[in-house]
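Report on one structure; see the data block that follows.
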Amino acid sequence: MMPLLPIFVKLEGRRCLVVGGGTVGLQKIRSLLDCGAKVTVIAPDAATKVRELAEQSRIDWLQRNYEPRDITGHLLVIAATNDAKVNHAVYEDASAAGVLANAVDDPPYCDFYFGSVVRRGPLQIGISTAGESPAFAQRLRQQLESLLDEGTGPWLERLGALRREVLATYPAGEERNNLLRTLATRELCESAACPTRTLAFSTQNRSKGSWLT
């Protein structure tokens with residue numbers, strides 16, 4: 001198998017299609033909604049939670065069978081029915097249209113995979129086994145979650161804000177890069193007197209090359 005390209009895709013406002021409205025489809029629908037995608041679901045019947053999402057206008061539910069023309073206009077397509085023939089047809093139609101598709105739990109009919117994800121605020125760590133063992137990916141996710149406490153997300157948000165200030169204050173160069181690398185290893189509180197913040201800006205008037213001494 002060729003190596004996969006590990007990327008994080010912005011789906012906010014982008015149209016995505018889920019064919020199938022059962023339990024598996026619901027999982028994928030929720031994942032897409034969490035990313036801000038505009039989700040269309042096609043299924044003659046749907047689970048209660050899927051119906052509720054449609055009633056809340058959070059998704060568009062077309063209560064009918066899938067048709068090849070449904071692929072048009074979508075960035076991603078997910079086939080999540082309980083009929084392998086339908087899922088394969090959805091994948092093949094999407095491929096013919098140049099649209100990335102995923103037939104759930106059927107690796108040969110997937111252009112992309114849903115990995116196990118560790119989330120701590122803006123930090124996301126995606127784990128994929130290319131469909132070989134989702135159970136192993138889940139176990140690894142649990143191990144990583146135990147290493148990253150819930151404070152990681154807020155800390156990273158504060159670090160991001162400080163990084164933007166540093167980028168606006170110091171000229172580009174190795175000295176600035178060294179400073180940013182150092183800041184990423186330190187505790188960071190919200191106080192204006194935070195030692196890490198003091199480090200970041202007490203160096204402004206030092207001579208070049210002596211920032212971190």
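The values are calculated or read from the model by the stated rules, or taken from the named source; none is laboratory data. As the structure is a prediction and not an experimental result, all values here were calculated from the model. Glycine gets a Cβ as well: all are built from the backbone with ideal geometry, and neighbour counts include every protein chain shown. Calculation scope for accessible area: heavy atoms of the full protein, side chains included, ligands and nucleic acids excluded. Shrake-Rupley method; radii C 1.70, N 1.55, O 1.52, S 1.80 Å.
The packing ranking, built from the mean of other Cβ atoms within 10 Å per residue, places the peptides 3-16, 50-63 in the order 50-63, 3-16, highest first.
With helices as the sole contributors, the chain gives -12000 deg cm²/dmol at 222 nm; each DSSP H run of n ≥ 4 counts as -39500 (n - 2.57), and the sum is divided by every residue.
Within the shell of other residues whose beta carbon sits under 14 angstrom from the beta carbon of GLU67, the net charge comes to -1, with Lys and Arg scored +1 and Asp and Glu -1. Matching the structure-derived Cα Rg over 2.2 N^0.38 Å against the labelled list (i) 1.26; (ii) 1.34; (iii) 1.06 gives the label (ii). Once both labels are positioned 7 Å from their Cα atoms along Cα-to-Cβ, the gap between SER95 and SER128 label points is 1.7 nm. The angle separating the long axis of helix 23-34 from the principal Cα axis of greatest extent in the chain is about 40 degrees. For segment 1-122, the antiparallel share of DSSP beta bridges with both residues in that region comes to about 5%. Pop the C-beta distance of ALA135 and ALA172 into the FRET formula with R0 = 35 Å and round what comes out to the nearest 0.05. It comes out at approximately 0.20. Bridge orientation summary for the chain: considering DSSP beta bridges with both residues in this region, about 25 percent are antiparallel.
For ARG164 and LYS10, the difference between the fully extended length at 0.36 nm per residue and the C-alpha to C-alpha distance is 53.3 nm.
Multiplying the residue separation of ARG58 and THR198 by 0.36 nm and subtracting their alpha-carbon distance yields 45.9 nm. To put it simply, the accessible area of segment 35-94 at a 1.4 Å probe is 47 percent carbon and sulfur. Judged by the mean number of other Cβ atoms found within 10 Å, the most tightly packed of the peptides 131-142, 23-34 leads the ranking 23-34, 131-142. Extending 7 Å from the Cα toward the beta-carbon at both ASP149 and GLU187 defines two label points whose distance is 1.0 nm. How high is the relative contact order of the chain, in percent, counting Cα pairs under 8 Å that sit 6 or more residues apart? Relative contact order comes out at 12 percent.
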